[in-house]
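Visitor: First the structure, then my questions, so here it is.
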Amino acid sequence: MSSDQHFGLTGLATMGANLARNVAHHDIPVVVHNRTTSRTERFLDEHGSEGPITGQESVEQWVGALARPRVLMSMVQAGPATDAVINEIAPRLDRGDVLIDGGNANFRDTQRRHAKLAEQGIHFLGVGVSGGEEGALNGPSIMPGGDREPYDESVKEIFEAIAANVDGTPCCTYVGPDGAGHYVKMVHNGIEYADMQLIAETYDLLRHGVGLEVPEIAERFESWNGSELESFLIEITARVLAKTDEATGKPLVDVILDAAEQKGTGRWTAENALELGVPLTGITEAVFARTLSALKSEREHAAGLLAGPSGNRPHDESLTGDLEHALYASKIVSYAQGFAQMAAAARDEKWDIDLGSMATIWRGGCIIRARFLDRIREAYETEPTLPNLMLADFFAKALEQAQDPWRRVVARAAELGVPTPAFSSSLAYYDGYRRARGPASLIQGLRDLFGAHTYKRVDRDGTFHVMWGENGREIEA
């Protein structure tokens, strides 16, 4: 990249600061800015020597310091803060400049911002960035959406330089128009919700179903990370479970309040799935599980009132081996649901999302990176229009091999009174999807009786209704 091309970044919280450092580490000039001037000064004092980094106090100075066409990236909190930054920057930009939002924005907001800025001749990119603070510094997975031509001409070289790299391939690819990049990041985060809930349920069963101590569970996850379950989340689960609290000497997990927080991307994913009519059971149950965990005082009260399983329920060591298979199968389901949702959204929004490429860029840098992402990429290379990942040979065989222990885990958890919403809903989805005929015919019959909603038949075309309140004869509606 020539020395007169500059990249500007505003928002120097952890993610923004680390991204700016990452850019500078690749000898790309970066001009930084933060609404709070003291934060800019502190950043320059601590990291200004790491590469071609300069800073500006005001937005006007920051914009003016950049070569045209300007490439400016906002790394501020999603929502009103992002709109405030855009409203402050946009009047100072020229036609042809590129403004990037790298926060976790709702894709509908990105579409709105894209349309508004297009009227001013400003190119807007909504970009998903995954990997946390470590990924931002050392190489994240990047999901750019928006105008293709300015991305290719002014942004692609920067992003591919700073992205994670697996087998010589940058974990960055253009996703699609307007909000496509932020949409894919949203689904990524939804899969992340499901993954973490499955891991939490596995931990719960290993501790309260098998009877293992926390350090033993940490060792179990560490060993699993050398198997088909290998992933970033399995790796860091072992690290968290192995951590001892210095103040009490207890496992850290025992002194952390059991109320999980959320920032909204999982909920957005579930809401959008309902809009699209996509059965997103695992991710949605993971969102509900976090919501239930937040009812801490109610749960403490209920613990003394509501009965659990009767009789003595001894620990079951056989669960240990079964859980490895159940976790793997349920992970396949969560990815299958997420990819099916992206395919449905692509059809609905007229986006040409390459699902195999999404699997490729998620192999490094991002939170849900896992060994079997290569298998997902291969599945879409073999059959680009694959309707569901579970139908690909590799995953169909893996689910077949895992289904018996998967069923035992769900059944045993119910006997023990240990809630497994993600395991259970994933298995129910698998069983529902593999059935050629299910019980929905009864639902349609009931809907026709109480609301005259009609039904279709399996033996001839047309729409029908039974005259339930009259003579009970069937008519063609």
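Just so it is clear, none of the values below were taken in a lab; they were calculated from the coordinates. None of these values were measured; they are calculated from a predicted model. Reconstructed Cβ throughout: ideal geometry from the backbone, glycine too, with neighbour counts over all protein chains shown.
Visitor: Loop-only check: which GluC sites (Glu not before Pro) in the range 47-125 are DSSP coil with at most 10 other Cβ within 10 angstrom?
Guide: Qualifying residues, ordered by number: Glu119.
Visitor: Treat each spin label as a single point 7 Å out from the Cα along the C-beta direction, and report the Ala440 to Glu246 distance in nm.
Guide: 5.6
Visitor: Let me ask something else. Evaluate the charge dipole of the chain about its Cα centre and quote only its size in Debye, nearest 20, assuming +1 on the Cβ of each Lys and Arg and -1 on the Cβ of each Asp and Glu.
Guide: In total the dipole reaches around 980 debye.
Visitor: Averaging over every viewing direction, what projected area does the convex hull of the Cα atoms of the range 250-367 cover, in nm²? Working shown, then result.
Guide: Working: hull surface 45.5 nm².
Averaging across all directions leaves 11.4 nm² for the Cα convex hull.
Visitor: Once all Cα-Cα distances of the range 326-477 are split into 10 Å bins that start at 0, what whole-number percent is in each one?
Guide: Answer for the range 326-477: a P(r) of 9, 28, 25, 21, 13, 3, 0 percent.
Visitor: Further question: With θ set to phi - 60°, apply the Karplus curve 6.51 cos²θ - 1.76 cosθ + 1.60 along the range 219-236 and write out the HN-Hα couplings as whole Hz, x wherever there is a Gly or Pro.
Guide: 5, 4, 5, 4, 5, 5, 5, x, 10, 4, 7, 3, 6, 4, 5, 5, 4, 7
Visitor: Additional query: What distance in nm separates the simple spin-label points at Ala396 and Ile236, each placed 7 Å from Cα in the Cβ direction?
Guide: Result for the modelled spin labels: 3.6 nm.
Visitor: Would you mind calculating the gained length between His301 and Ala81 on full extension (0.36 nm times residue separation, minus the Cα-Cα distance), in nm to one decimal?
Guide: 75.3 nm
Visitor: Okay, moving on. Name the long-range amide H neighbours of Cys172: under 5 Å, sequence gap of 5 or more, or other chain; modelled H, no Pro or chain starts.
Guide: Ile142
Visitor: Here is a follow-up. Classify the range 49-163 as rounded, prolate or oblate from the Cα gyration tensor: take a ≥ b ≥ c as the square roots of its eigenvalues, call it rounded if a/c is under 1.5, otherwise prolate when a/b beats b/c and oblate if not. Mind dumping the intermediate values first?
Guide: Numbers: a/c = 1.35, a/b = 1.12, b/c = 1.20.
Because its axes are fairly even, with a/c under 1.5, the range 49-163 counts as rounded.
Visitor: Given 0.36 nm per residue, what is the gain on full extension from Glu222 to Asp204 after removing their alpha carbon distance, in nm? Intermediate results must be reported in sequence, preceding the final value.
Guide: Details: separation 18, 0.36 × 18 = 6.48 nm, distance 1.63 nm.
Between Glu222 and Asp204, full extension yields 4.8 nm more.
Visitor: Here is a follow-up. Would you mind computing, in nm to one decimal, how far apart the modelled labels at Thr454 and Arg95 are, each placed 7 Å from Cα along Cα→Cβ?
Guide: 5.2
Visitor: Here's another thing I want to ask about it. If one computes the Cα centroid of the range 46-79 and of the range 216-242, what distance in Å separates the two points?
Guide: Cα centroid to Cα centroid, the span is 39 Å.
Visitor: Estimate the FRET efficiency between Thr37 and Ala294 by the formula 1/(1 + (r/R0)^6), using the beta-carbon distance for r and 51 Å for R0, to the nearest 0.05.
Guide: Efficiency for this residue pair is about 0.85.
Visitor: Counting every Cα pair in the chain, what percent are over 35 Å apart?
Guide: Numbers: 47074 of 113526 pairs.
I get 41 percent for the Cα pairs in the chain exceeding 35 Å.
Visitor: Evaluate the relative contact order of the chain (contact order divided by residue number), counting alpha-carbon pairs under 8 angstrom at least 6 apart; express in whole percent.
Guide: Normalised by residue count, the contact order of the chain is 12 percent.
Visitor: Which whole-angstrom value gives the distance between the alpha carbon centres of the range 379-456 and the range 140-194?
Guide: For the range 379-456 versus the range 140-194, the Cα centre distance is 31 Å.
Visitor: Taking the number of other C-beta atoms within 10 Å as the exposure measure, put Arg435, Arg377 in order starting with the fewest.
Guide: Neighbour counts put them in this order, fewest first: Arg435, Arg377.
Visitor: Here's a follow-up. Order by neighbour count: Asp147, Asp254, Asp448, Asp101, fewest other Cβ atoms within 10 Å first, most last.
Guide: Ascending Cβ contact count within 10 Å gives the list Asp254, Asp448, Asp147, Asp101.
Visitor: Counting other Cβ atoms within 10 Å, keep those with at most 14, restrict to DSSP loop, and tell me which GluC sites (Glu not before Pro) in the range 228-269 are left.
Guide: Hits after loop and neighbour filter: Glu230, Glu246, Glu261.
Visitor: Where does each of Tyr430, Tyr183 land when they are ranked from fewest to most other beta-carbon atoms within 10 angstrom? Please list the in-between numbers first.
Guide: Numbers: Tyr430 22, Tyr183 31.
Arranged by neighbour count, lowest to highest, Tyr430, Tyr183 become Tyr430, Tyr183.
Visitor: Right, here's the next one. Restricting to Cα pairs below 8 Å that are 6+ residues apart, what does the relative contact order work out to for the range 7-178? Please round to a whole percent.
Guide: 20 percent.
Visitor: Three principal axis extents, largest first, for the C-alpha atoms of the range 218-257, in Å?
Guide: 36, 17, 11
Visitor: Follow-up. Starting from the Cα of Lys243, draw a straight line to each of the lysines and keep only those under 26 Å, dropping any in the same chain fewer than 8 residues away.
Guide: Leaving aside lysines fewer than 8 places away in the same chain, those within reach of Lys243 are Lys263, Lys296, Lys331.
Visitor: With r defined as the distance between the Cβ atoms of Asn165 and Glu470 and R0 fixed at 51 Å, what FRET efficiency is calculated, to the nearest 0.05? The partial results should precede the final answer.
Guide: Values: r = 71 Å, r/R0 = 1.38.
Efficiency, rounded to the nearest 0.05: 0.10.
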